[in-house]
Amino acid sequence: MKEEFRLLIALQDLDIMIKETKDQSTSEELKNLGFKLTGLKELQEARVKLARKIPPVLINRYEKLMEHYTMAILPVTSDKCLGCFVRLPSVFFSAAHSHRLLTCENCGRMLYLL
């Protein structure tokens, strides 16, 4: 998997943690389960540092997708997009595509092959 994919996935994980920490109902639920929700500032700082390592064109695409979806980048599993569960064309699985960031033709999310 290319480094850009790993960075995007890490960025997405940070964004989800930041969102859960900021969301009042989610944060209360997590606190009741025994999780300590501290470090929002550190998460935001880590996000800024990580985002600087990703090419601007990918960051822009990622952020536009995150406006509409909880997850913008997903793995392909059982020849399906894990966002919309549509079966992907067989061309996605050729060697030429194995190291590229793909796009689901149905939902537009970024996809990568495991």
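Key figures
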item: Of 28, 20, 63, the one that fluctuates the most in a GNM where the chain has Cα springs shorter than 10 Å; result: 28
item: Intensity falloff of segment 3-113 expressed as log10 I(q)/I(0), Debye formula with alpha-carbon point scatterers, at q = 0.22 Å⁻¹; result: -1.17
item: Share, in percent, of DSSP beta bridges within the chain that are antiparallel, nearest 5; result: 55
item: Free-standing Cys, the chain [no other Cys Cβ under 4.7 Å]; result: none
item: Crossing angle, helix 40-52 versus the chain [Cα axis fit, 0-90 degrees, rounded to tens]; result: 30
item: Angle between the chain longest axis and helix 56-66 axis [Cα atoms, degrees, rounded to 10]; result: 70
item: Sparse-neighbourhood loop sites, chymotrypsin sites (Phe, Trp or Tyr not before Pro) in segment 1-107 - DSSP loop, at most 13 other Cβ within 10 angstrom; result: 35, 85
item: Coil-residue trypsin sites (Lys or Arg not before Pro) of segment 18-104, DSSP, other Cβ within 10 Å capped at 16; result: 36, 53, 100
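Just so you know, all these numbers are worked out from the coordinates, no wet-lab data involved. Predicted model only: the values in this text are computed from it and were never measured. Virtual Cβ from ideal backbone geometry, glycine too; neighbours counted across all protein chains shown.
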